[in-house]
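Written below as structure tokens is the structure these notes are about.
Readers should treat all values here as calculations from the given coordinates under stated rules, not as data from a laboratory. None of these values were measured; they are calculated from a predicted model. So basically every Cβ, Gly included, is an ideal-geometry build from the backbone, and we count neighbours across all protein chains shown.
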Amino acid sequence: MFGAILGTGCGAGIVVHGRVLDGPNAIAGEWGHNPLPWPRDDERPGAPCFCGQSGCIETWVSGTGLARDHADVTGRFLVAPDIVASATAGDPAARATLDRYLDRLARAVAHVINILDPDVIVLGGGMSNVDLLYSALPQRWGAWVFSDRVDTRLVRNVHGDSSGVRGAAWVGAEHGNPAGDR
Ligand SMILES: [Zn+2]
């Protein structure tokens, strides 16, 4: 299972056979600070990221990234939920922003499917409340996954859009640190 948190920032985790995958560097599942896969010419080098790189996945597929992209293209700043609401109401600029977002998120997730081939991808964070993701992403990721068919399921979190925080706290407690800080 690959869990992707699409909120103010963007994070992820991997669960294999019921256990969170860890590693010697404690960064298994680090997803947001890799570059956006298959970047288009106008996506390079991408916005500066706080991590020191530019064009990280986080700068595109977080709610913050969605808002920045919309502002860059339209000159109008709206927070992510307002962009989604405007798109749903039929605003052409907001629909175009959401379309670019879906295209980028499909690429970012397809890259993961190619490496992990997970049974399930679970979305969390504020963007996981966008119903459109669950129908649109599986329609789009096939173009990028190196397989004739993709049986990976995309599902919404069970514990609400703060499930990532909840999970981090849980793992932190397992490691003897209730703050979740590893
Ligand atoms: Zn980064």
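Listing for the model above:
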quantity	calculated
Descending Cα extents along the principal axes, region 1-92, whole Å	45, 29, 22
Charge dipole magnitude, Cβ of K and R +1, D and E -1 - the chain, Cα centre, debye nearest 20	80
Distance from region 117-158 to region 26-78 (C-alpha centre basis), Å	19
Over the chain: Kirkwood hydrodynamic radius from C-alpha pairwise inverse distances, Å	16.8
Relative packing of 60-67, 39-46, 111-118, which averages over residues the other C-beta atoms within 10 Å, highest first	60-67, 111-118, 39-46
Within a Gaussian network of the chain (alpha carbon springs, distance under 10 Å), most fluctuating of Leu105, Leu21, Leu154	Leu21
Volume per residue of the C-alpha convex hull in region 59-107, rounded to whole Å³	60
Protection proxy ranking, peptides 4-13, 89-98, average beta carbon neighbours within 10 Å, highest first	4-13, 89-98
